[in-house]
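Enquirer: This is the structure I have questions about; it appears just below.
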Amino acid sequence: MYDEKADPLSSSARRVIADLRELATLTSTSHGAQRVAWGPVWRKARNWLQGKVSPLGLTLAPDAAGNNWVTLPGESDRTVIIGGHLDSVPNGGWLDGTLGVAVALEALRRCGQGSKPPVTLRLVDWADEEGARFGRSLLGSSAAAGRLDVDEIRELRDAEGTRLEDAVREHGVTLDTMLNARHELERIDAKAYLEMHIEQGPVLESMNRSAGVVLGTFGLVRHMVRFVGQAAHAGSTPIAMRRDAFLAAAATALECREIARRHSRPGAGVVCTTGVVKVEPGIVTAVPGVAEISIDQRALDPDVLEVMCREAQETSRRFAEENGVSVEWRPLFRIEPRLFDPHLLRLCEESVREVTGDAPKLPSGALHDAAEMVPHMPAVMMFAYSARGLSHCKDEDTPQEHLEKAISAFLLLVDKTVASVARN
């Protein structure tokens, strides 16, 4: 069992927390974190990171997509990558993304003491993980993975009308050459990718556990579903003669929740969310002639996700027919489930158990950069306790005692992974 008092991991954990609080003070207002990608506060956060790695004799090296890399050379070219992201949503929290970067920084500090580490370590600060300004999440990591479709993002604009192409250019990134970032992975012998993140959900808190082993990231299928009936007078049109688009949409949304419940099972729960509802003509005296809703379905099992999507579409057609309306599905986004590497999962479980006494396993319902690394190398994530399950808001937090244990567990995972890669 890990001895917290005897092991220097605890002092490393406290140093990580001090770094995080320093960064929060630098880049937050009373409303929360303001490190939105491609903006001035994000640049300030990245300059802060440069100031932290310089005393280690290391430098930040940006790639073609704006991802920042820090390399600690080892005795071997075999490489362990530790990732996170400094960007935040507007009015976000102090731990989302930054925890991964800060703990990666500490791993470089620890492994860089004295002689060369047995393998090479690389820190990566992924650019625009959140997609908060332009709506495209995992921008930098998907470019590095070679999965980014530049034409799909070419016309993206923010709420003020600024083009993504112009915003990234201000940070030295050219849209048409972003895929050159994949050379960062092609030119190295990457043996493992590790990422630490807050859970952003209530599961670990409900179990009173500081850290958890992440089995993989949910697959996600997102659609806009448009129902078209006939707008009519709310007073003079009998119920039986209406073609109410909203009722078909509402019934579909409710049934999609039941579909998710039917397919849920312990350890691999599934979710479905309707986050957008638009109704036309949108006045109190008219029967809705048009209703549009978003359907976001997520599952860890690809077969389950496929069945859920099929059942949701069948459901929408049934309710459309019952209400005398038409229905059309328009795809928005899709990413397949990404399961993490079995060997790294075992090392992660060992590390969490040794530090905390238990090692709960859970899937990630949120998207993370680690998902983009799965096709390229063995990868794993560790989650830290999230207070009240809150994230993407200023109230995001993890109690100090839980945060220290989770960070210690992750640093132990780094040690175990480095040793494993060095042996093999």
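Enquirer: Under a Cβ-Cβ cut-off of 12 Å, what is the net charge of the residues other than VAL374 that fall near it, where Lys and Arg count +1 and Asp and Glu count -1?
Expert: Once positives and negatives cancel, what remains is -3.
Enquirer: Quick check on my link table: of LYS361/LYS405; LYS52/LYS405; LYS44/LYS191; LYS191/LYS416, which ones sit more than 20 Å apart, alpha carbon to alpha carbon?
Expert: Listed pairs above 20 Å: LYS52/LYS405; LYS44/LYS191.
Enquirer: Kirkwood Rh, region 1-159, all Cα pairs: how many Å?
Expert: 16.6
Enquirer: Another one. How big is region 6-55 in terms of Cα radius of gyration and Dmax, in angstroms?
Expert: Spelled out, the Cα radius of gyration and Dmax of region 6-55 are 13.0, 43 Å.
Enquirer: Can you compute the helix-only [θ] at 222 nm over the chain? Use -39500 (n - 2.57) per DSSP H run of at least 4 residues, normalise by all residues, nearest 500 deg cm²/dmol.
Expert: Computed ellipticity for the chain at 222 nm equals -11500 deg cm²/dmol.
Enquirer: Can I ask one more? Suppose accessible area is computed on protein heavy atoms with a 1.4 Å probe; arrange THR27, THR174 from highest to lowest.
Expert: Solvent-accessible surface, decreasing: THR174, THR27.
Enquirer: Just the accessible area for LEU26, please: 1.4 Å probe, Å², rounded to the nearest 10?
Expert: 70
Enquirer: Read phi for every residue in region 413-423 and hand back ³J(HN,Hα) as whole Hz from Karplus 6.51 cos²θ - 1.76 cosθ + 1.60, θ = phi - 60°, with x for Gly and Pro.
Expert: 4, 4, 4, 5, 5, 4, 5, 5, 5, 5, 6
Enquirer: To continue, here is another question. Under Stokes-Einstein, with the Kirkwood radius over Cα pairs standing in for Rh, what whole-number D in µm²/s applies to the chain at 4 °C and 1.567 mPa s?
Expert: Stokes-Einstein gives a translational diffusion coefficient of 57 µm²/s.
Enquirer: Let me ask something else about it. Sort 144-152, 79-87, 344-352 by the packing proxy (mean of other Cβ within 10 Å over each peptide's residues), most packed first.
Expert: 79-87, 344-352, 144-152
Enquirer: If you don't mind, another one. Counting DSSP beta bridges with both partners in the chain, what percentage is antiparallel, nearest 5?
Expert: Percent antiparallel among DSSP bridges in the chain is about 70.
Enquirer: Assign unit charges at the C-beta atoms only (+1 for Lys and Arg, -1 for Asp and Glu), then state the dipole size of region 99-167 relative to its Cα centre in Debye, rounded to the nearest 20.
Expert: So the dipole magnitude of region 99-167 works out to roughly 580 debye.
Enquirer: OK, next. So how much slack lies between HIS233 and ARG15, counting 0.36 nm per residue of separation and subtracting their Cα-Cα distance, in nm?
Expert: Residue separation times 0.36 nm, minus the Cα-Cα distance, leaves 72.0 nm.
Enquirer: Over the chain, with every protein chain in place, what whole percent of the accessible area is carbon and sulfur at 1.4 Å, could you tell me?
Expert: Carbon plus sulfur share of accessible area: 51 percent.
Enquirer: Could you give the distance between the Cα centres of region 388-404 and region 248-305, to the whole Å?
Expert: 29
Enquirer: Any chance you could check the Cα centroid distance between region 117-171 and region 183-235 for me, in angstrom?
Expert: That distance is 17 Å.
Enquirer: Among THR59, GLY83, GLY32, which residue has its Cα positioned farthest towards the positive end of the charge dipole of region 32-91, with +1 placed on the Cβ of Lys and Arg, -1 on the Cβ of Asp and Glu, and the dipole taken about the Cα centre?
Expert: Final value for the positive-end residue is GLY32.
Enquirer: Can you work out the accessible area per residue across region 333-424, with the rest of the protein chains kept in place, probe 1.4 Å, in square angstrom?
Expert: On a per-residue basis, 36 Å².
Enquirer: A follow-up question, please. If you roll a 1.4 Å probe over the heavy atoms of the protein chains, what accessible area per residue do you get for region 13-98, in Å²?
Expert: Ligands and nucleic acids excluded, the result is 37 Å² per residue.
Enquirer: Let me ask you something else. What net charge do the residues around ASP77 carry, taking every other residue with its C-beta under 13 Å from that of ASP77, with Lys and Arg at +1 and Asp and Glu at -1?
Expert: +3
The values are calculated or read from the model by the stated rules, or taken from the named source; none is laboratory data. Just so we're clear, the structure is a prediction, and the values are computed from it rather than from any experiment. Because the Cβ atoms are built from the backbone with ideal geometry, glycine has one as well, and the counts that use them run over all protein chains shown. What goes into the accessible areas is simple: the full protein's heavy atoms, side chains included, and nothing from ligands, DNA or RNA. Shrake-Rupley method; radii C 1.70, N 1.55, O 1.52, S 1.80 Å.
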